[in-house]
Amino acid sequence: MGWEIHLHLLAAISWIGGSVFMFVLGVSMRDKREQDRVYPVIGPIFGFFEIGSLITLVVTGILMIFDNGLVTILFDDTIHNSVIDSLRYKLIVVVVIAIITILHTYIAFKTNGKERSRVEMLISRGSSMGIFILNFIILHFAIVIRDTI
């Protein structure tokens, strides 16, 4: 394996670790005034960090797929084994998490320091929870792939 796997793992640790941190922060901060003081400051910093991590994950993942000659195999639906099937599932979840992240980031930056509407609050919190849960699904498929190789 090349340098890509090392950068991919570092970005995955950053992405998932950041998601867990923000989840714990969100659950532990019940006081609305505390949230209003903390989130406008930490949110943009965290957002840019997470966007960088996600871009790094996607780019290094694509590079590893090409470097390992998996492009044609991934799109050949006659080939099935635990590694290829897990990689397919992982990539589907990655696409979903990327879409959810874009939506969440848009709302977060649009409403930073402002009062969110009920719909914006629902989408923001729902997308945060979705990202949090989907991270562990992606991690599961990554472990299956790594254990099989």
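Values in this text are rule-based calculations from the coordinates and carry no lab data. Model, not experiment: these values are computed from the prediction. Quick reminder, even Gly has a Cβ in these numbers, built from the backbone with ideal geometry, and neighbours come from all protein chains shown.
In percent, how large is the relative contact order of the chain, given Cα pairs closer than 8 Å and 6 or more residues apart? Let's see the in-between values first.
Details: 89 pairs, mean separation 50.5, N = 149.
Computed over the chain, the figure is 34 percent.
What ranking of Thr56, Thr72, Thr148 emerges when the number of other C-beta atoms within 10 Å of each C-beta is taken as an exposure proxy, fewest first? Let's see the in-between values first.
Working: Thr56 18, Thr72 8, Thr148 11.
Taking fewest neighbouring Cβ atoms as first place, the list is Thr72, Thr148, Thr56.
May I ask you to sort Glu34, Glu115, Glu120, Glu4 by Cβ crowding, counting other Cβ atoms within 10 Å and putting the fewest first?
On the way: Glu34 11, Glu115 8, Glu120 16, Glu4 19.
Result, fewest neighbours first: Glu115, Glu34, Glu120, Glu4.
Please order Ser19, Ser82 by the number of other Cβ within 10 Å, starting at the fewest.
With the fewest neighbours first, Ser19, Ser82 line up as Ser82, Ser19.
Nearest 10 degrees, 0 to 90: what angle lies between the long axis of helix 82-110 and the longest principal axis of the chain (Cα atoms)?
20
Between 0 and 90 degrees, rounded to the nearest ten: what's the tilt of helix 118-148 against the longest Cα principal axis of the chain?
The helix 118-148 is inclined about 30 degrees to the chain.
Between Asp85 and Ile55, 0.36 nm times their residue separation minus their Cα-Cα distance comes to what?
Working: separation 30, 0.36 × 30 = 10.80 nm, distance 2.32 nm.
Once the chain is fully extended between Asp85 and Ile55, it gains 8.5 nm.
Compute the Rg/Rh shape ratio of the chain: radius of gyration over Kirkwood radius, all on alpha-carbon atoms. Kindly include the intermediate steps, with their values, before the conclusion.
On the way: Rg = 17.3 Å, Rh = 16.7 Å.
On the Cα set of the chain, Rg over Rh gives 1.03.
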